[in-house]
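The values are calculated or read from the model by the stated rules, or taken from the named source; none is laboratory data. Quick caveat, the model's predicted, so the values are computed rather than measured. When we count neighbours, we look across all protein chains shown, and the Cβ atoms used for this are built from the backbone with ideal geometry, even at glycine.
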Amino acid sequence: MTVLLVLLCVALITIIVVQVGKVTELASKIRGEEEMQEAANRRHGFYLMAFMILFLVATVVSTLYYKNYFLGYGPHKSASAHGGTLDYLFDVTLFFTGIVFVITQILLFYYGYRYKAQRGTKASFISHDNKLEIVWTVIPAVVMAFLVISGLDAWNEVMADVGEDEEYIEIEATGYQFAWGLRYPGADGELGRKDFRLIKPGSNDLGIDWNDERSLDDFLPNEIVLPVNKKVRVRITARDVLHNFYLPHFRLKMDAVPGIPTYFVFTPTKTTEEYRQELSQYEEYQVPADPTDPESPMLWEDFNYELACAELCGRGHWSMQKIVRIVSEEEYEAWKATQTPHYEQLIKGTDDDPYKEDTVEETTEEVEESTSEAEAPASEEETEEAH
Amino acid sequence: MANIATQSQPEVLREDMLIEELGFDDHFHDHHHGDKYQSNFINTYVFSQDHKVIAKQFLITGMFWAVVGALMSLVFRLQLGFPEESIAWLKPVLGKWVEINAEGFGTLSQDFYYALVTMHGTILVFFVLTAGLSGTFSNLLIPLQLGARDMASPFLNMLSYWFFFLAGAIMFASLFISTGPFSGGWVAYPPLSALPQASQGSGAGMTLWTLSLVFFVVSVLLGGINYITTVLNLRTKGMSLWRMPLTIWAFFITAIIGLLSFPVLVSAFLLLMFDRGMGTSFFLSDIYIGGQALDHVGGSPILFQHLFWFLGHPEVYIIILPAMGLVSEVLSVHSRKPIFGYKAMVYSIMAIAFLSFIVWAHHMFMSGVNPFISNFFVIFTLIIAVPSAVKVFNWIATLYKGNIRLNAASLFAIGFVSMFISGGLTGIFLGNSALDIQLHDTYFVVAHFHIVMGVAAFFGMFAGIYNWFPKMYGRFMNDTLGKIHFWGTLVGAYAIFWPMHYLGMAGVPRRYFSFDSFQAFAHFDGMNQFITIGAILTFAFQVIFIVNFFYSIWKGKKMTTRNPWGATTLEWTTPIERIHGNWPDKLPTVQRWAYDYGKDGKEFISQVEPLGPDEKEVH
């Protein structure tokens, strides 16, 4: 039945379209082709102008209406140290492209309207103009050079790895279908080795190597918590397919590649609380977070930074969300103190524990001894990264 | 004022006289020569070796795929715009891919959503905008505009179409297998595309997808070799390279790009097949999936991306250059004015083609390649803006002081320029790696490439179809319907893709099945609905085009003169009846460039007209 109805609709539409076509052809026979063409040119010349005006007005109005969607404006201010540079670069590019956009669109549609064929009009024979062509080759070249230089300046600064003596916090994010695994280095400040062959669902989802003493204090929280104004280096890895570590509020994005650890260095500059306060000024955030429940907290009160995946990774790609909390230094330390190392929590004393035979006291001694040794053999991951 | 010229057989006769007098006699009198190839229905319409028939085969197959691809986009747009609406009514068409719950509410399967997105991309990029566009018009116009009887190898030309057909048949079959078509994105990045455990579509669907595209590449290569050979060897007497219309320049350079880049794609697919089936590790390493650690070690998924984009980026120029060529020609003919800066246009095409080979990694700024490398790719990428800008300025200058007929063809050409400007400018944001950090894989990218190479290429194609339809079928398409089609498509396409810029700036990532998991992406329902409604309406306007097209083939207004647009190029000196060998007797010889419109007070001067005694050839 549905199929029949659809076919009927298609047939009906076809007939209507064909009839409209026939009518116009009949009309041109009656009124004379030339005259019809001239009238059509006038009409469509007018439409071109009308469209141009409508289009440009719509562009401007929608830009103003959606200004809060723009990078660096309203609620879309960046929350990282480098974000501002990028937002500024966006504005500069928008400025230049905006000028070109308006001028070329106006000329294009205006000429279409102005030089439409009418009785008695004629075209001029103009084949080229070297001077003009040089001018409009050089100007874009200069503008592009400017944008390239400012772009690369920002790029190389943003993408630089941490310096040798720099103080930073290193964390690790591992993408897998369809979630993120997070790892913090614990008290020693260093992440232990891991190997995908050691992965054991449930107890060791990341494949951490417990033979590496640096692993023993690593903890695996289920949200990213970072202190404000501290440099952070995120080691980004993947377990199965490509993922992308995407923090929209921090202007940060980097693919997670199985076998090739990547990184991104950034400094959060606003705590979650500060960002919420900023959002509270905007109308669209002064509504209940749950539209069905007017009693629920305001959208801005409910706000959280989020981690997303930005590289297609399969059916659940759209659901890889994690909360990111930026807090003060003290809060961060307090939070860290509440975290138990994964080793302590799930591994110690099980069959996976390489130190199972040893007494507890011996283990601690060993840890202390080996901290100095651990620096000597460069860990696998670091050599890999150097490539 | 001369719109559709109702004038004058004498004009045409003069051309015939000139061909008779100055033409080149290649002893084509042997009429059996033609009959041998077109003696029955099968070898005239099915396994035809006539370039004009093959062009139509490419066009109509391309249109079929365009409808399929567009309908797919409507289904996933319904999911994005109206996730709260049940799509149980689509169950008869989509079968098990619509999941119906206890209350009778139908939702799109996530696997199938990604399959639709993947197929939409693959079909539109390869089958419609590569084969449908370049296949159609290269075949139609290269021999006709160069004064050749046919392609250098009509047989290879026929094979080219049938390999395309085969590729299409395989892809179509993959839509109906139980695990569904490939669903890992049209870029098919491994490991997702390499491991059946990673996604349903990466099993048999991916095998068929790869197979289909390998045949497709064969088709492109056979076509490309033919186009290049024809352009280099079969130009008629007097048709020097600098007298070729810009259409031919565009097709010629496009074929070269295709010939150099498509084989790299096949090599990538080959390695991928090894990884999939034979346990090699070109692209795989350190993978734990489906509860086990795989043996693959030492491969690099990024290597695949390099190989893929070494084709992938030139591919977007394979799509847009033919459209640029068609638009240059259509704008010039209907403005009754020479194309402005002919040589600059040719050099721009060459510059764009050259640069297209050294910018591929701008798709990979955030993929984990060494950030230092990106410096070079940023520089080359943004340099492309210069030849592109030159082309835009030249098109606008072509309109300046013209005498423009605003018919469907020229309106679409103007629309093309508008789209190319809008979409091209956002490329300047994305090509700058620093901005790409935020914009990469967001709706900003979707907006950019749909406008600049999707919609723009379609506009170029439509301009070409409305303009050369009389040459293909001896009849006109209805112009009023064409204009309705144009306005609906122009407004509709902007309505769909313009708002996506705002979504992208707000950070909304592409390829999301639903935005509910994220607070940051969840508040754009209104805009998503607007885009979906825009897509449905724009599709409705394409129905007008399709009806107009097929109705006009049989019932359109008949051509009464050979050269209805008053164009200078050779295809309009052939008889209205589309005969094998194109010219009944001698081949025309070329006396001047292709753009003598409005010169010395004459409306147009055909390329077969010798230069006057004091006349200088302009370039």
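For the range B:512-551: of the residues being at the interface with another protein chain (Cβ under 8 Å from one of its Cβ atoms) and under 21 Å from residue B:474 (Cβ atoms), which is surrounded by the most Cβ atoms within 10 Å (Cβ to Cβ)?
Filtering first and then ranking leaves B:548.
Write out, first by first residue and then by second, each pair whose Cβ atoms fall under 8 Å of each other, whose residues are 6+ apart or on separate chains, and whose first residue, in the range B:426-453, is more than 9 Å from every other protein chain (Cβ to nearest Cβ) while the second is of a type in the set (D, E, K, R) and surrounded by fewer than 24 Cβ atoms within 10 Å (Cβ to Cβ).
Note: pairs meeting the criteria are B:443/B:510; B:445/B:510; B:446/B:510.
Yes/no per residue for (1) β-branched (Val, Ile, Thr); (2) surrounded by fewer than 19 Cβ atoms within 10 Å (Cβ to Cβ):
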| position | (1), (2) |
| --- | --- |
| A:142 | yes, yes |
| A:146 | no, yes |
| A:161 | no, yes |
| A:175 | no, no |
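Looking only at the range A:2-26, filter to residues that are polar (S, T, N, Q) and loosely packed, with under 12 Cβ neighbours inside 10 Å; which one of those is nearest to residue B:479 (Cα to Cα)?
A:19
Considering only residues that are within 8 Å of chain A (Cβ to nearest Cβ), of a type outside the set (Ser, Thr, Tyr) and closer than 30 Å to residue B:300 by Cα, which ones fall in the range B:373-407?
B:375, B:378, B:379, B:382, B:383
Out of everything in the range A:35-63 that is facing another protein chain (nearest Cβ under 9 Å) and over 19 Å from residue B:409 (Cα atoms), what residue ends up being surrounded by the most Cβ atoms within 10 Å (Cβ to Cβ)?
Result: A:55.
Look at residue A:151 and say whether it is outside any helix (DSSP H, G or I) and not acidic (Asp, Glu).
no
Residue-wise test of (1) under 30 Å from residue A:264 (Cβ atoms); (2) under 44 Å from the mean Cα position of the chain (by Cα); (3) among the aromatic types (Phe, Trp, Tyr).
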residue	(1), (2), (3)
A:12	no, no, no
A:20	no, no, no
A:33	no, no, no
A:43	no, no, no
A:55	no, yes, yes
A:69	yes, yes, yes
A:90	yes, yes, yes
A:106	no, yes, no
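Out of all the residues in the range A:180-205, which are surrounded by 18 or more Cβ atoms within 10 Å (Cβ to Cβ) and hydrophobic (A, V, I, L, M, F, W, C)?
Within the range A:180-205, A:180, A:182, A:191, A:196, A:199 qualify.
Does residue B:319 count as more than 10 Å from every other protein chain (Cβ to nearest Cβ), of a type in the set (A, V, I, L, M) and touching a Leu at 6+ places or on another chain (Cβ under 6 Å)?
Answer is yes for this residue.
What single numbered condition from (1) closer than 22 Å to residue B:292 by Cα; (2) assigned to a loop (DSSP other than H, G, I, E, B) fails to hold for residue A:217?
It fails just one condition, (1).
Among the numbered conditions (1) closer than 15 Å to residue B:139 by Cα; (2) surrounded by fewer than 24 Cβ atoms within 10 Å (Cβ to Cβ), tell me where residue B:260 comes up short.
(1)
Do any residues in the range A:203-232 that are assigned by TED's automatic domain parsing to the domain that holds residue A:332 and under 18 Å from residue A:256 (Cα atoms) have Cβ atoms under 8 Å from those of residues that are polar (S, T, N, Q) and assigned to a loop (DSSP other than H, G, I, E, B), where the two are at least six apart or on different chains, and which pairs are they?
Note: pairs meeting the criteria are A:232/A:267.
Check whether at least one residue in the range B:125-138 is within 25 Å of residue B:583 (Cα to Cα) and in contact with a Ser or Thr (Cβ under 6 Å, 6 or more places away or on another chain), and report yes or no.
Scanning the range B:125-138 turns up at least one residue that is within 25 Å of residue B:583 (Cα to Cα) and in contact with a Ser or Thr (Cβ under 6 Å, 6 or more places away or on another chain).
Would you kindly identify the helices (runs of 4 or more DSSP H) lying entirely within the range B:101-212 that contain at least 3 residues that are within 14 Å of another protein chain (Cβ to nearest Cβ)?
So the answer is B:110-122.
Mind listing whichever residues of the range B:103-143 are among the small types (Gly, Ala, Ser), more than 16 Å from the chain's Cα centre (by Cα) and surrounded by fewer than 24 Cβ atoms within 10 Å (Cβ to Cβ)?
Once the filter is applied, which keeps residues that are among the small types (Gly, Ala, Ser), more than 16 Å from the chain's Cα centre (by Cα) and surrounded by fewer than 24 Cβ atoms within 10 Å (Cβ to Cβ), the range B:103-143 yields B:104, B:106, B:109.
When residue B:569 is evaluated against the numbered criteria (1) in contact with a His (Cβ under 9 Å, 6 or more places away or on another chain); (2) within 20 Å of residue B:15 (Cβ to Cβ); (3) among the hydroxyl-bearing types (Ser, Thr, Tyr), which criterion, by number, is the only one it fails?
With (1) in contact with a His (Cβ under 9 Å, 6 or more places away or on another chain); (2) within 20 Å of residue B:15 (Cβ to Cβ); (3) among the hydroxyl-bearing types (Ser, Thr, Tyr) applied to residue B:569, the lone miss is (1).
Can you tell which of B:418, B:410 is in contact with a Ser or Thr (Cβ under 8 Å, 6 or more places away or on another chain), at the interface with chain A (Cβ under 9 Å from one of its Cβ atoms), surrounded by 23 or more Cβ atoms within 10 Å (Cβ to Cβ) and at pLDDT 95 or above?
Going through B:418, B:410 in turn, just one is in contact with a Ser or Thr (Cβ under 8 Å, 6 or more places away or on another chain), at the interface with chain A (Cβ under 9 Å from one of its Cβ atoms), surrounded by 23 or more Cβ atoms within 10 Å (Cβ to Cβ) and at pLDDT 95 or above: B:410.
Name, by its number, the condition in (1) more than 8 Å from chain B (Cβ to nearest Cβ); (2) out of contact with any helix residue (DSSP H, G or I) (no Cβ under 6 Å at 6 or more places or on another chain); (3) over 24 Å from residue B:327 (Cβ atoms) that does not hold for residue A:143.
Condition (2) is where residue A:143 drops out.
Just to check your reading of the model, which residue among A:111, A:66 is surrounded by 20 or more Cβ atoms within 10 Å (Cβ to Cβ) and at the interface with chain B (Cβ under 7 Å from one of its Cβ atoms)?
Unique residue meeting the criteria: A:111.
Can you list the helices (runs of 4 or more DSSP H) found entirely within the range B:421-496 that contain at least 3 residues being over 18 Å from residue A:94 (Cα atoms)?
Because the criterion is at least 3 residues that are over 18 Å from residue A:94 (Cα atoms), the helices (runs of 4 or more DSSP H) in the range B:421-496 that meet it are B:456-473.
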